[in-house]
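Right, one structure below, let's go through it.
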Amino acid sequence: MDELVRLEKLTKAFPQKRKQDVVILRDIDLTIKEGETLCVLGESGCGKTTLGKILAGLSTYSSGSYQFCGEEVRTLRKEKWDSFRNHVQMIHQNPYESLNPAMMVFDMIANPIRRHKHINDIPTLYKKVTDLLELVGLTPVEDFVDKYPNALSGGQRQRVSIARILAMDPKLIVVDEATSMIDTSLRISLLKTLVDIQTKLNVSYFFITHDLALGRYFARGQKAMIMYLGRIVEESPADELISKAAHPYTRAILSAASGSSEILQHSAGHYELLEADVPSFTALPSGCVLHPRCPQRIAGLCDCIQPERYEVSPGHFVSCHLYAKDRA
Ligand SMILES: Nc1ncnc2c1ncn2[C@@H]1O[C@H](COP(=O)(O)OP(=O)(O)OP(=O)(O)O)[C@@H](O)[C@H]1O
Ligand code: SF4
Ligand SMILES: [Mg+2]
């Protein structure tokens, strides 16, 4: 598999009026290969969407590097930038806001094909649109081509959004909590459709969720990572992240979630963080940002020095002083 995405030491800061910029993402290192899924998990506000928007070219990065197909995104101009923007697409959380209510399904999918592939011949367009509707599971296609969004369920709207995105021949799709606003009973079927699409078209996914069980389901056999306050604290093959969670933060969120989910049972054992407020991005703790809440913090080290990233087994990385080689 060829490498599609490479982020190195990427940071993102938002400017504030009459105040210092607030840094949200720090030292983000990750890679995504063609046809691969990377699932990002983390609590609300940790920076998942901010990172997803950068990957999708919808937001800039402040420093560090983002290479797409080996080229630095910041330096892309004109045709190369347009091609990059076509190749990276994002499915948003809210299927009720993402579609134009005044446009028929046919036009919603045909318009990007017209623009992108310069196809205007109606029979050819109709064939392409109906092929895409079939691919996303909206069958029989004749029942959907002339519908308006208000006649569709949330799950069907998400499928139309996916078909519209696929019309651009994307290489990477950022899926941002795309099933959180649709009925639980329809979630798995939508996720299965996304997996089918990956098998058929070899697209890569950056799959954002705060739901560990959903993340584990979608990323099985692939990669997953955990974010806390704008940093990646652990990254690993997805199954190993659940069965052999190493970072104190991962262990704590798994322990909290496993009580309510069969899919996460027998994973982390009981593990709790200390009671302390989650710090704000404008007043981050020194050293390891988890140290005020970490039951295993090492005084004089964790509160002073940001931990490096250690490889604890092949492809399994943990940013925590407990895994420093000289402590093993
Ligand atoms: N344009 C902006 N200006 C300033 N701060 C921002 C901006 N966009 C996001 N943030 C801040 O960045 C942090 C991360 O937000 P983000 O939306 O990336 O989190 P998230 O992990 O996607 O959360 P959720 O799970 O709730 O969707 C938050 O503290 C948010 O307030
Ligand atoms: S570096 Fe220290 S404070 Fe941070 S997670 Fe590891 S043990 Fe806890
Ligand atoms: Mg978000």
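Between a residue in region 75-104 that is in contact (Cβ under 8 Å) with a residue 24 or more places away in the chain and any residue that is assigned to a helix (DSSP H, G or I) and hydroxyl-bearing (S, T, Y), which pairs come within a Cβ distance under 7 Å, given they are 6 or more apart or on different chains?
I91/S161; P95/S161; S98/S161; L99/S161
Is it the case, given these coordinates, that V195 is of a type in the set (A, V, I, L, M, F, W, C) and under 14 Å from the mean Cα position of the chain (by Cα)?
Judged against the criteria, V195 is not a match.
Looking at M108, M90, M103, which one is of a type in the set (A, V, I, L, M) and assigned to a helix (DSSP H, G or I)?
M108
Restricting attention to region 26-80, which residues are part of a helix (DSSP H, G or I) and over 18 Å from H92 (Cβ atoms)?
Those that are part of a helix (DSSP H, G or I) and over 18 Å from H92 (Cβ atoms): V73, R74, T75, K78, E79, K80.
Would you be able to tell me the number of residues in region 23-72 that are at pLDDT below 95 and within 16 Å of ligand 2 (Cβ to nearest atom)?
Residues in region 23-72 being at pLDDT below 95 and within 16 Å of ligand 2 (Cβ to nearest atom): 2 in total.
Please go through region 180-210 and pick out each residue that is in a loop (DSSP other than H, G, I, E, B), crowded, with 18+ Cβ neighbours inside 10 Å and either in contact with a strand residue (DSSP E or B) (Cβ under 8 Å, 6 or more places away or on another chain) or among the small types (G, A, S) (or both).
V203, H210, listed by residue number.
Quick one: would you say R85 is over 19 Å from the mean Cα position of the chain (by Cα) and more than 16 Å from ligand 3 (Cβ to nearest atom)?
Here the answer is no, as R85 does not meet what is asked.
What residue, among those in region 248-276 that are part of a loop (DSSP other than H, G, I, E, B) and within 16 Å of ligand 2 (Cβ to nearest atom), is modelled with the lowest pLDDT?
A268
Suppose we filter V22, V5 for residues that are over 21 Å from the mean Cα position of the chain (by Cα) and in a strand (DSSP E or B); which single one remains?
V22
The values are calculated or read from the model by the stated rules, or taken from the named source; none is laboratory data. None of these values were measured; they are calculated from a predicted model. As a convention, Cβ positions derive from the backbone with ideal geometry for all residues, glycine included, and neighbour counts pool all protein chains shown.
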